[in-house]
Structure formats: C-alpha cells, structure tokens
Protein chains: 2
Amino acid sequence: MTTATTHDLDALTARASALDATDPLAAVRDRFLLPEGVVYLDGNSLGALPAAVPPVMADAVHRQWGTDLIRSWNDNAWWEAPLRVGDAIGRLVGAAPGQTLAGDSTSVQLFNALSAAVRSRPGRELLLTDPGHFPTDQYIADSVARLFGLEVRRVPPAELPDFLAREGERVAVAGYSPVDYRTGELYDMAATTRAVQRAGALMLWDLCHAAGALPVRLDELGADLAVGCGYKFLSGGPGAPAFLYVAERHQAAFDQPLTGWNGHAEPFGLSGGYAPAAGVGRGRIGTPPILSMLALEAALTAFDGVAMADVRAKSLSLTSFFLDCADALLDGFTVVTPRDPERRGSQVTLRHPEAYALVQALSARDVIGDMRAPDMLRFGVNALYVTHGDVLSAVRHLSEVVNSGEHHAERFQRRTTVT
Amino acid sequence: MTTATTHDLDALTARASALDATDPLAAVRDRFLLPEGVVYLDGNSLGALPAAVPPVMADAVHRQWGTDLIRSWNDNAWWEAPLRVGDAIGRLVGAAPGQTLAGDSTSVQLFNALSAAVRSRPGRELLLTDPGHFPTDQYIADSVARLFGLEVRRVPPAELPDFLAREGERVAVAGYSPVDYRTGELYDMAATTRAVQRAGALMLWDLCHAAGALPVRLDELGADLAVGCGYKFLSGGPGAPAFLYVAERHQAAFDQPLTGWNGHAEPFGLSGGYAPAAGVGRGRIGTPPILSMLALEAALTAFDGVAMADVRAKSLSLTSFFLDCADALLDGFTVVTPRDPERRGSQVTLRHPEAYALVQALSARDVIGDMRAPDMLRFGVNALYVTHGDVLSAVRHLSEVVNSGEHHAERFQRRTTVT
C-alpha cells in the first residue's frame, strides 16, 4: 500500500463508474431502502432493509394479526410459514424443496442438528469443529459433546484432511463454515464434505456467511446437514429466524432433543407422547415468531430473478476492487482476506492496531463496517445493494481518517458493544 | 341448562350493561384495536392487537432497522431488549427485576430450564409432569429425561402431594401449569410449590395460561423456575418471544445446554470457550427476533397502571357471568370449568360432542373461541378487552347455532388446523 496520487484517485473513480454502469445487478439496489448518504458495508452482520418488508409488516400487524386474529394460522397460512420460508431459502443454497425450514436462532438449530448427528453415529466419540469458528458454534459443540459424552477436537480446516485420514473413523460429525467470519477466507466445501463423509462422519455446514452471498450447492455436494442465519446476506431483519437443512435421506432418522409440539406428526391431536412429523417439518420446535418470520419471507423476494452466479461475480468484482483501492490509498494496514478470488468470501478484512477507533471514526462519517477483536476491520459487500462507488468511498474515508488521525479523538476510544 | 325465556334474556342483557358500566378496566379496552363486530374469546390462544404495537413496529422497521442499521444494537438498545422485556413481564408475574428474560419459544425455554434443574439435582432420577399438561411440556420432559437418564412420571396435580410424600426424595424437578389449558381449572401454586420444595425438588411453573391473566407471585411463593409464552394473555403477537424466570438464588448455578453466544459473559470477546454471563442473562441463547421482541415490548404497555388484582376480579366476573348465561341459554352442553372461582383460570370450557362444528359455525358469526380435541369448546376472557356484553353475545350466538342446527352445514365439518 502506498500514498495515492491524484492520478490514482481519478483512475479508481473512473473504474468505479464504469463497473457500476455495466453492473447487471444495478437495478436490484432499488429493492432496498438505503439511508441517504450512508455507505453500508456491514450487511454481513445485519442486512439492509428490503423495500418489500414495510408493506408486508404493516399488513401482518394490522390485517393478519389485528383483524383476522387467530384465524390467520389457517387463513394467512402462518402455520406453513416455516416450511414455505425454508424452501425460499433452500432455493438460494441449492436445496430442493422439502429439506429446509426456517425458525429459531442459529444456536438452537446448531444444537438440534449436532445432537441429531451424534445420535445417528453411535460409538463415534469425536465432534470436530474449527478453532476459528464463530464462538456460538464452538460453545454449542462443547455443550452437545458434554451431553452425549463425546470429545470436541478443534481442527483448522487446512488440517482436516490429515486429521480425518488418521482418526476419521472416530468422528461422528464435523461442524464447519465455508467462510471464516473474521478473515473472509473461503474454504472448499466439496472437498471438505467428501473428506468428512469418506470417514463415515456427517458434515454440518454453518452457512451464516455464505447463504445469499455466494452460490452454495447443498444437494449437489451431497451435504448432510446445514444451518444458517436469516439476518446477514439474506437481509431478513434483526434476529431474523435461522434455517435448518436436513438432506432428504437423513430426515426419517433425524432425532432432535428439542421435541416441541410444532414438530409433532399431529400437532393438534394433543397427544401426550411425541411422534415426529414426516419430512424436514420434524425439525420444527415451538411456535415461531411470525412477525419476524414474515419480514424474512418478504426480504427474500429481493432475490427474485437474481442468479447466484451473478451475485458471486459482482461480489468478487467488489472485493477485488476494494483490494485495489486499499493497495492504492491505504498505508499501515495488512490485508487479511485472501487475494485469490477462489478463496475469498464476500468481505474484505484489514488488520490495523487501531481497528476499534478506526471503525468508530468511519461510522461517524456514515461509512459502516465493523470490527472483530482485537485488530480486524471487516467490510462486507452484499452484491444486491453495494456499488463499486460505495467501496471506493469507504476506502477513501478510511484513508482520510487514518492520515488525519481523527480516530484518535476521545469519543472514538470508548468500548461499547458492537455486533 | 334450560331453555331461556325473554325475561331471562332481558335480565342478562341488563346485567351485562350494568357490569360493563361499572367496570374499572373499561377504558383499557381502547388500548386494543379490535375488529368491528367481532366477539373475541380466543385471547388465550392469540391475544388481540394492542394499539401501541403498530407505531412501534413501523419505527422498528423504518428507522431502527432501515436507517440506523447495525448501530441499533447500541443506539436503540436492541442488545438489552431480552432483559428489558423480561423485567416488564416480571412485573406481571411477581418477579423482582433481574430474574426474567424474554426470548425463544416456550418449548426452548422449557428445555433449558428442565435441563438446568436436572443438573442441579444429581442422583435424583424422577421428573414429574402433569398427564394433562400441554403436549409440548410433556414432550420436552420426555426428551430431557432421555438425555439425562431420568424417568418421567405423569402425576395429576391432585395426586402430587401423595406421590411426593411417598417418592419425593427421588424427584429432581416437577413441571406443572397453574391452569389446565383445556378445562381452565386453576391449581394452588403455593401449596404445590411448597410440597415440591419440601421434597428437595425444584418447581418449574409453565405460566402460559396465567401470565397476564391472573396475579402470579413468583418471588412471594419462593418459586424456583418458570417459563411462559408472550402471545396469549400478554398479547405480544403471533409467536411472540417466550420468557424464562430463574430465581436469583439459582442463577449462579443455572447450567443450561443451549449455550449460545448471547448468554456469554463477554459476547464480543469472541472467545472460543463458554463462560456464562452473571445473572439471568446467562439464559440468553442466540440472537433474538428483534421485530417480534419489540412488538411484545410495545404490547406490554397495555398493562401500564393496571393492577393484576383488578384483572383477576374482572376475569372472574366475566367467567361467572359466562356460566350464568350458559345455565340460562344453553342446552346439551356440560360445563367443564370449575364453578368455584378459587379454582377457575381465565376461561370457560364447555363439552359438546359437536364441538368442532360449533366452533366453526360460531366463527362464521364472528364469535371466536376455539376447541380442543375431542369435544371441548374453549372461551378465553382477557379482562383487558373483553366485556360482559361480549360474553352474553357469544352465549346467545352459541345457543342460536345449536338450536337451529346450522353447525350441521357441510362447510363446518371439514377438519383444518386450528390452534
């Protein structure tokens, strides 16, 4: 990285304009209600508001809840929402209908999926996860291992093939993410799935940072289980319901601990004994938060007619351009995200010792990214609404902040909770 | 029950008017947006829409999510919502602040609470529940018992004292509801809590049919654990977040299996090892559905300045009046709900072999109750918005339906899912 000349800036500005002018997804940006003047590069934490959401929410509150009341479970098909929304997510992650459901949080879905996986592999005593995995994945893995008397081994993705070759027959299930949430590194889902399954273990994918961000082909990969959240690249709203994928061949044996009445074969038979529903519907637990569920459903229409291949192409164009801007305009940062596009998710992460204050100072300029302790600045790009102009603007602001030292101001030092 | 005379009807009409005219909660009805012409006696399944909800939801969607975006976790205090809403519910169930949190579904909260209870009573091999308990309570009890190697015993509330006297020292936890969801029978929470605790077991109350319906005094009772839902008498919206109460003295040892990152002592430290937060916050799991959470928070303001003693007095007035109307106007029904007010929750249940068709025919007349298989018609009264006039109207319509036989019409026979 080096100090920019005016010529560099002019060239980058021209390139941003040209790339945005020929962007096949340019019109999709209008499907989101973005605040004026804000550069939003935190859609990997909370997706922006899709324009389809407000009218649906107003209808859900006034007509469905207020007027139709309890009858909405039938008349407005609330009861079917988890499976209907699940199928809509399934379309974005390569899952044929009837294998995905929406509901609860990622943590809860992880618990059910890992527990069911362990139960389906009796006698195998290891549960694998990534030491770099998002904390909740590690916590839930530890909890499930404790409950069922297994042992968690934290094996980095790069070491997984060797580990499986050595001890694969002891492994019940491996829970991994295709994208490192801090660095944005993208792993090879197909190779990992094959290696885990060759060992006779089940593969559980956490798609929080992949669903809606890049093409995922669960059925084609022969994936076993997957979970993911609804509020990042799916833009389903704060704390939107998560999702669970159970490959059809595993559904009949899927034996979860959270045996809520919504997953019963005859939920209104009110029998005192549990009998799971057929299909992925057995993964249902309690009554889902319908308002949040309908917001997620409306949000997913932003993907209507959008090919995930186009999303991926634009995402890579955005992150590549980000790296070029960073190379030209920034000093004192280390690029953490792989430069090889094949190994890059939909974010760029930079390392800087003053990451916290820099992100705060950027936010004061209405450029929103986030940070992950201790020193990583994360910039997520959602190809549905981020432009190359946004990317250049973000890097220019970051350059101005760091060069001027304005992030040293007292108000940017205070530690607050930032998700 | 007998055939009514015009004189009976006139007298009942006059009594309804008089009771409604002197109702100290009459003005509270205006805090709800009830559809014109509908008699809504199903608030024990889905509470009506509080008027405070729509503006809060519009703000949550447009300003908080759409404009403030990720910053809302701090700036609009999304992060604190589960504890803030929990305390608001705590006020209605006699819990001092810091012991109640909102989130997830009742089924999930039951799973965490029962599991933590079992872990705190090692060596005790029985888990007690009511054979008449709502199915999900029984299913989750069975699941927790299976996981931890315990045995579930289904002991009706009336037999609980004898059972505990005989086998109490083997019991880890007893999970009961103060109100039978089918019959509306109210049990003695204080006596049950004492009997269970005298045996050295933990008492877990499911307050789904009590919270917001009648005074509950968790702290005063010395209750151990409680859960409940947000969408019945609390009117928090379809699938509103549930709640969990952990008495302060149990919090430090509360050891739940769903160790999601929101319950971590330092959720943003991103440590790979779980360390539970202090206080009831350790009961948090994953990221909560904020839109549904904020709807629930707004809904709870309908209770502002309302004394639960007044709610109870009006509820009993409504159900007593319902029974009088039924006695005067209905033939062929059996009253299931206890006539003794001390033993009555906030609903009236009638038995009739054609319950399903009758409820459908009533719904066609915009009188909404529900049924529970095989033959129970349930009519819930939420004292915040139901009037004595509503009650009389419901019983009159029911009388007209059953006397005319209009429920025999083909369209009322089809079986659909009704919650």
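The values are calculated or read from the model by the stated rules, or taken from the named source; none is laboratory data. Everything numeric here is computed off the predicted structure, so don't read it as measured data. No Cβ is skipped: glycine too gets one built from the backbone with ideal geometry, and neighbour counts run over all protein chains shown.
Here are the numbers for this structure:
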{"item": "Residue list for the stretch B:132-171, restricted to those being within 24 Å of B:Val93 (Cα to Cα) and touching a residue at least 40 places away in the same chain (Cβ under 8 Å)", "result": "B:Gly132, B:His133, B:Phe134, B:Asp137"}
{"item": "Members of the stretch B:1-52 found to be free of Cβ contacts under 8 Å to residues at least 40 places away in the same chain, under 24 Å from B:Asn403 (Cβ atoms) and assigned to a loop (DSSP other than H, G, I, E, B), listed by number", "result": "B:Thr5"}
{"item": "Near pairs, Cβ below 7 angstrom, 6+ apart or cross-chain, from the stretch A:88-100 (within 18 Å of A:Leu214 (Cβ to Cβ)) to any residue that is among the polar types (S, T, N, Q)", "result": "A:Ile89/A:Thr100; A:Gly90/A:Gln99; A:Gly90/A:Thr100"}
{"item": "Verdict on A:Val56 being crowded, with 18+ Cβ neighbours inside 10 Å, more than 9 Å from chain B (Cβ to nearest Cβ) and part of a helix (DSSP H, G or I)", "result": "yes"}
{"item": "Any hit, the stretch B:266-279, residues being touching a residue at least 60 places away in the same chain (Cβ under 8 Å), of a type outside the set (Lys, Arg) and touching a helix residue (DSSP H, G or I) at 6+ places or on another chain (Cβ under 8 Å)", "result": "yes"}
{"item": "Lone qualifier among A:Gly332, A:Gly369, A:Gly345, A:Gly389 - being of a type in the set (Gly, Ala, Ser), in contact (Cβ under 8 Å) with a residue 24 or more places away in the chain and within 14 Å of chain B (Cβ to nearest Cβ)", "result": "A:Gly369"}
{"item": "Test: residue in the stretch A:191-207 that is in contact with a helix residue (DSSP H, G or I) (Cβ under 6 Å, 6 or more places away or on another chain), within 14 Å of chain B (Cβ to nearest Cβ) and either modelled with pLDDT under 95 or under 20 Å from A:Phe111 (Cβ atoms) (or both)", "result": "yes"}
{"item": "Lone qualifier among A:Val118, A:Val108, A:Val173, A:Val144 - being under 25 Å from A:Arg217 (Cβ atoms) and modelled with pLDDT of 95 or more", "result": "A:Val173"}
{"item": "Selection within the stretch A:360-398 - of a type in the set (Gly, Ala, Ser) and within 23 Å of A:Leu25 (Cα to Cα)", "result": "A:Gly369, A:Gly380, A:Ala383, A:Gly389, A:Ser393, A:Ala394"}
{"item": "Residue list for the stretch B:172-190, filter: touching a residue at least 24 places away in the same chain (Cβ under 8 Å) and either more than 13 Å from B:Asp130 (Cα to Cα) or assigned to a strand (DSSP E or B) (or both)", "result": "B:Ala172, B:Val173, B:Ala174, B:Gly175, B:Tyr176, B:Val179, B:Thr183, B:Gly184, B:Glu185, B:Leu186, B:Met189, B:Ala190"}
{"item": "Matching residues in the stretch B:348-366 - criterion: being surrounded by fewer than 23 Cβ atoms within 10 Å (Cβ to Cβ) and not in a helix (DSSP H, G or I)", "result": "B:Arg351, B:His352, B:Pro353, B:Glu354, B:Arg365, B:Asp366"}
{"item": "Residues that are more than 7 Å from chain A (Cβ to nearest Cβ) and either hydroxyl-bearing (Ser, Thr, Tyr) or farther than 30 Å from B:Asp180 by Cβ (or both), drawn from the stretch B:73-88", "result": "B:Asp75, B:Asn76, B:Ala77, B:Glu80, B:Ala81, B:Leu83, B:Arg84"}
{"item": "Top-ranked residue in the stretch A:21-41 [being among the acidic types (Asp, Glu) and surrounded by fewer than 19 Cβ atoms within 10 Å (Cβ to Cβ); ranked as nearest to the other protein chains (Cβ to nearest Cβ)]", "result": "A:Glu36"}
{"item": "Among the residues listed as B:Arg153, B:Arg121, the single one being more than 11 Å from chain A (Cβ to nearest Cβ), surrounded by fewer than 23 Cβ atoms within 10 Å (Cβ to Cβ) and touching a Phe, Trp or Tyr at 6+ places or on another chain (Cβ under 8 Å)", "result": "B:Arg153"}
{"item": "Tabulated pairs, the stretch A:305-329, first within 29 Å of A:His352 (Cβ to Cβ) and at pLDDT 95 or above, second among the charged types (D, E, K, R) and crowded, with 21+ Cβ neighbours inside 10 Å, C-beta under 6 angstrom, 6+ apart or interchain", "result": "A:Thr319/A:Arg344"}
{"item": "Residue satisfying all of: in the stretch A:59-84; under 17 Å from B:Ala295 (Cα atoms) and polar (S, T, N, Q); surrounded by the fewest Cβ atoms within 10 Å (Cβ to Cβ) among these", "result": "A:Thr67"}
{"item": "Output for the stretch A:292-322, where each listed residue is within 16 Å of A:Gly389 (Cβ to Cβ) and out of contact with any Ser or Thr (no Cβ under 6 Å at 6 or more places or on another chain)", "result": "A:Lys314, A:Ser317, A:Leu318, A:Thr319, A:Ser320, A:Phe321, A:Phe322"}
{"item": "Selected residue [closer than 30 Å to A:Ala60 by Cα, surrounded by 20 or more Cβ atoms within 10 Å (Cβ to Cβ) and not assigned by TED's automatic domain parsing to the domain that holds B:Val335] from B:Gly168, B:Gly236", "result": "B:Gly236"}
